[in-house]
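One structure below.
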């Protein structure tokens, strides 16, 4: 009888493995794509951004509001164009900067992959605008970027996806209207990763987050845009392109380890008590 | 003298029901059987609320576009449906109702180890439930995050997430205390002769479950506490701009919530392990295999949480490891299924209502389990992640598995609890309607998911309409089956014929006491000298 009563001791190794795995998961590399700033750019980060509340980067959804259509940007050929000329139907606006070393490329790559799969006619039933929020970028950079993506998209009409650059004031009028807040860090930027879908009259009908899009998501938002309906946001997990603060990160993991340790110690103590104290003597036995 | 005899007779006939009457006699009772019934009524009430919300969701999805409600209401509805069904119905369901009632009876004890703590757990459950309800009507409106409370949305949304998360915190404590109580009871209060090898499998299942409750639920408490901290004090724990990490939330959340899935299904497996031998009149096949697989599920199930995050941007190595571990969990689950089927083989099968539910459990749970492998494999998961395929999968496991087992358990043990038998024919009809409705409702979702219809959307593309219509009609059939089932059980418990101590010919200890059992359970401590599933008793003759 005594040996079977000790059976729960078998649970100790499982708990140890659990602890180990929890530790591994906690110590795993940071899951968000950390913005690896290439070595060439490092010198501009003499004072890396301290992770403080001062940095105002984010996205405040302004569903139902309209963006100003009288803004003039330069297109990839250097011609001035107004948004009113470009937005003649449901339009996806992707705020990016073309020399971005990281997620802007993923975002535009995500669009390049998804757009040809839509069951809508590009150029007629929808348009795409990549708008650079880096006021120093010129149409030549935009042209290079466009060439890249067009090459991967087969016979997608070039007129349906335009790559715009503009001056600081124009850029801010657009991003403010979209509720999109970014911040310059040397040559690079801290910025949210999202696109907005607007209707013909400039009304914002949806935001889509992240760098990869399901054709279904895009299509549904474009269809809604053509009907002037405003939809709920898709994929609410807002990814950021950011420089993170390793000091704070370590603090967060300590919290996890400490609480995990306390829980495991308590539970093991309880198990030890159960096993060691054995069966209770019944009063009626005595 | 005469009077005393009548009272004694009444006590015998009404068992623990004859104890202290009135509301206070119940809500302050420390009798495990009364506490089980207190849970029973509350949990069932919430189940009916959850079903109504689910039916509304289905009704909205009957056609594309806004049908009966707007998008925000839809978000609130599926959140509440999830929170209520998971935290208020299925997690407490089997352990708190059947576990509370049967555990002491099955091991030959007079009560659980800590009767007052047991009552306290119920009060915590009540308080948590009231808070969950309060979150609907106070603050910025009903929460709209889904039951998973993912950050950053849950820390940003203006709806009443703070109160809902606090409710989950309180409910978590109720669950931890129940688990601790059961563990102590099983270790310390077994009757003489009731060794570990003679524990009924339901007790073993409760034992494995209780360890998960104890080990994993604190993590949930911590996680929701962090959400509240983040919302109230803006701590920045999950905000990457301030060094936080939104993915950490998902890790913490699933470290609890995946094992929680086994808190839901293991007790169901325990019930099925009791029903099948009784109604096949045959010793369970592979007693120790089932015991070890229960413990193995509890153990391996604690190591697979990240398979909910295969598409969340973990490292490839992480995806590979968690995918592999997920496949390992399938092994003990399959061991159980094979053991049950082997028990049925050459058994003398009696298709009474509990058995019908156990059989549909076998099939529905297998479908749920196998579709789980589709989701556990990283490659296929990328295709069906966040689609209706997932919705169908977990409803097959949680509803077709855990809830069907629970219904089977109710049909099996309600005669013990109330001392009266329900109408078998009506119960079988209700079961048939329920099973057909269930499959009509959820099978189309598997197909819809493969075709790419996302979950949690209020709207969908027109091409998905036919199958959605199908599923919605299925939900009506399902609800009809549920209503008939509850009507049958209710009428049986009220007006049915006396059930007798052992209406099914069960061999575990709870069948050796009168139905309903007396307050003290056993007149004298039983001595256990047989295996739990020894059906030779009748054959040996007098």
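Key figures
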quantity	calculated
Answer from B:302, B:294, B:306, B:333 - the residue that is surrounded by 22 or more Cβ atoms within 10 Å (Cβ to Cβ), modelled with pLDDT of 90 or more and within 20 Å of residue B:375 (Cα to Cα)	B:333
Within segment A:122-142, tally of residues that are within 25 Å of the chain's Cα centre (by Cα) and in a helix (DSSP H, G or I)	2
Breaking point among (1) out of contact with any helix residue (DSSP H, G or I) (no Cβ under 7 Å at 6 or more places or on another chain); (2) at pLDDT below 90, for residue B:155	(1)
Residue within segment B:217-230 that is within 12 Å of another protein chain (Cβ to nearest Cβ), closer than 21 Å to residue B:157 by Cα, touching a strand residue (DSSP E or B) at 6+ places or on another chain (Cβ under 9 Å) and modelled with pLDDT under 90 present	no
Output for segment A:73-90, where each listed residue is in a loop (DSSP other than H, G, I, E, B) and either surrounded by fewer than 19 Cβ atoms within 10 Å (Cβ to Cβ) or on the phi > 0 side of the Ramachandran plot (or both)	A:77, A:78, A:79, A:88, A:89
Flag if residue B:356 is part of a helix (DSSP H, G or I) and within 19 Å of residue B:446 (Cα to Cα)	no
From the options B:278, B:209, residue that is more than 12 Å from every other protein chain (Cβ to nearest Cβ), more than 20 Å from residue B:394 (Cβ to Cβ) and touching a residue at least 60 places away in the same chain (Cβ under 8 Å)	B:278
Meets criteria (within 18 Å of the chain's Cα centre (by Cα) and closer than 28 Å to residue B:274 by Cα) for residue B:216	yes
Whichever residue in segment B:426-442 is surrounded by fewer than 20 Cβ atoms within 10 Å (Cβ to Cβ) and more than 17 Å from residue B:353 (Cα to Cα) and, among such residues, is nearest to the chain's Cα centre (by Cα)	B:439
Tally, over segment B:195-236, of residues that are surrounded by fewer than 24 Cβ atoms within 10 Å (Cβ to Cβ) and not in a helix (DSSP H, G or I)	5
Subset of segment B:309-328 [surrounded by 22 or more Cβ atoms within 10 Å (Cβ to Cβ), assigned to a helix (DSSP H, G or I) and within 13 Å of chain A (Cβ to nearest Cβ)]	B:322
Members of segment A:161-192 found to be within 13 Å of residue A:61 (Cα to Cα) and not in a strand (DSSP E or B), listed by number	A:175, A:176, A:177, A:178, A:179
Some residue of segment B:162-171 being in contact (Cβ under 8 Å) with a residue 12 or more places away in the chain, more than 25 Å from residue B:50 (Cβ to Cβ) and either at the interface with chain A (Cβ under 9 Å from one of its Cβ atoms) or surrounded by fewer than 24 Cβ atoms within 10 Å (Cβ to Cβ) (or both)	no
Residue B:137, sole failed condition from (1) within 12 Å of chain A (Cβ to nearest Cβ); (2) free of Cβ contacts under 8 Å to residues at least 12 places away in the same chain	(1)
Residue check for residue A:216: touching a helix residue (DSSP H, G or I) at 6+ places or on another chain (Cβ under 8 Å) and outside any loop (DSSP other than H, G, I, E, B)	no
Filtered residue count, segment A:91-120, keeping only those that are within 18 Å of residue A:151 (Cα to Cα) and assigned to a helix (DSSP H, G or I)	14
Any chance residue B:119 is modelled with pLDDT of 95 or more, farther than 25 Å from residue B:399 by Cα and touching a helix residue (DSSP H, G or I) at 6+ places or on another chain (Cβ under 7 Å)	yes
Extreme residue, farthest from the chain's Cα centre (by Cα), among residues of segment A:241-272 that are at pLDDT 50 or above and surrounded by fewer than 12 Cβ atoms within 10 Å (Cβ to Cβ)	A:269
The lone exception for residue B:146 - which of (1) closer than 20 Å to residue B:258 by Cα; (2) in a helix (DSSP H, G or I) it fails	(2)
Condition check for residue B:272: within 14 Å of chain A (Cβ to nearest Cβ) and within 22 Å of residue B:364 (Cβ to Cβ)	no
Among the candidates B:319, B:337, B:390, B:329, residue that is more than 21 Å from residue B:90 (Cβ to Cβ) and in contact with a helix residue (DSSP H, G or I) (Cβ under 9 Å, 6 or more places away or on another chain)	B:319
Some residue of segment B:249-257 being away from chain A (no Cβ under 14 Å) and either surrounded by fewer than 24 Cβ atoms within 10 Å (Cβ to Cβ) or in a loop (DSSP other than H, G, I, E, B) (or both)	yes
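Matching residues to (1) in contact with a helix residue (DSSP H, G or I) (Cβ under 9 Å, 6 or more places away or on another chain); (2) buried (at least 16 other Cβ atoms within 10 Å of the Cβ); (3) at pLDDT 95 or above:
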{"position": "B:67", "(1), (2), (3)": "yes, no, no"}
{"position": "B:72", "(1), (2), (3)": "no, no, no"}
{"position": "B:77", "(1), (2), (3)": "yes, yes, no"}
{"position": "B:80", "(1), (2), (3)": "yes, yes, no"}
{"position": "B:88", "(1), (2), (3)": "yes, yes, no"}
{"position": "B:92", "(1), (2), (3)": "yes, yes, no"}
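Listed here are the residues, each with its yes/no results for (1) more than 14 Å from chain A (Cβ to nearest Cβ); (2) under 19 Å from residue B:57 (Cβ atoms); (3) more than 21 Å from the chain's Cα centre (by Cα).
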site: B:413; (1), (2), (3): yes, no, no
site: B:419; (1), (2), (3): yes, no, yes
site: B:424; (1), (2), (3): yes, no, yes
site: B:445; (1), (2), (3): yes, yes, yes
site: B:452; (1), (2), (3): no, no, yes
site: B:460; (1), (2), (3): no, yes, yes
site: B:492; (1), (2), (3): yes, no, yes
site: B:498; (1), (2), (3): yes, no, yes
site: B:507; (1), (2), (3): yes, no, yes
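Yes/no per residue for (1) assigned to a helix (DSSP H, G or I); (2) in contact with a helix residue (DSSP H, G or I) (Cβ under 7 Å, 6 or more places away or on another chain):
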{"position": "B:446", "(1), (2)": "yes, yes"}
{"position": "B:456", "(1), (2)": "no, yes"}
{"position": "B:463", "(1), (2)": "yes, no"}
{"position": "B:476", "(1), (2)": "yes, no"}
{"position": "B:489", "(1), (2)": "yes, yes"}
{"position": "B:500", "(1), (2)": "no, no"}
{"position": "B:503", "(1), (2)": "no, yes"}
{"position": "B:516", "(1), (2)": "no, yes"}
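The values are calculated or read from the model by the stated rules, or taken from the named source; none is laboratory data. Please read these numbers as outputs of a predicted model, since none were measured by experiment. Note that we place each Cβ from the backbone using ideal geometry, even for glycine, and neighbour counts take in every protein chain shown.
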